[in-house]
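One structure below.
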């Protein structure tokens, strides 16, 4: 530590506050590229102290960098739909929608995949004399109906997301919520 910095950092005891000049100097150095770990070592600081200083005294540009971006359900569904329909792959979606990492998108894919409700299950009847052509036709009809039901479900979920976002209310109730 330089003598100037030592002069700022001298504290009568551990409960005393740091000199504001030292705080501003450390924040400026971290913003200029000094790694946080190195700053905590050089100035003998705690990690949480440095984090709170950066939040409180950091430049607006740096503070914007610290913020965690959140996505609405509508945005998540849009990204998932683009991937499921084959319009984009994971890395293209990550770049296009400015998502930090692909793991986040994979989580959304899993979440919305599990949301698809199994509307009907196809079971084979035990009767042995049903013609195969009739079975094939009924299976095709069931598959078509299932796909249509999934499209409707996706449309309804998107509609609910848009309504929640625009009206700023939670339409979906949490499970186990008390009803009055």
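The values are calculated or read from the model by the stated rules, or taken from the named source; none is laboratory data. The model shown is predicted, which means the values in this text are computed figures rather than measured ones. As a convention, Cβ positions derive from the backbone with ideal geometry for all residues, glycine included, and neighbour counts pool all protein chains shown.
Considering every residue within the stretch 4-17, establish whether at least one is outside any helix (DSSP H, G or I) and either modelled with pLDDT of 80 or more or under 21 Å from the mean Cα position of the chain (by Cα) (or both).
No, every residue in the stretch 4-17 fails to be outside any helix (DSSP H, G or I) and either modelled with pLDDT of 80 or more or under 21 Å from the mean Cα position of the chain (by Cα) (or both).
So, in the stretch 68-89, of the ones that are over 17 Å from residue 100 (Cα atoms) and more than 13 Å from the chain's Cα centre (by Cα), which residue ends up surrounded by the most Cβ atoms within 10 Å (Cβ to Cβ)?
Looking at the filtered set, the residue picked out is 82.
Suppose we filter 103, 76 for residues that are part of a helix (DSSP H, G or I) and in contact (Cβ under 8 Å) with a residue 24 or more places away in the chain; which single one remains?
76
In the stretch 18-34, how many are touching a helix residue (DSSP H, G or I) at 6+ places or on another chain (Cβ under 9 Å) and assigned to a loop (DSSP other than H, G, I, E, B)?
3
Condition (residue is over 30 Å from residue 156 (Cα atoms), touching a helix residue (DSSP H, G or I) at 6+ places or on another chain (Cβ under 7 Å) and assigned to a helix (DSSP H, G or I)) applied to the stretch 44-51: is it met by at least one residue?
The answer is yes; a qualifying residue exists.
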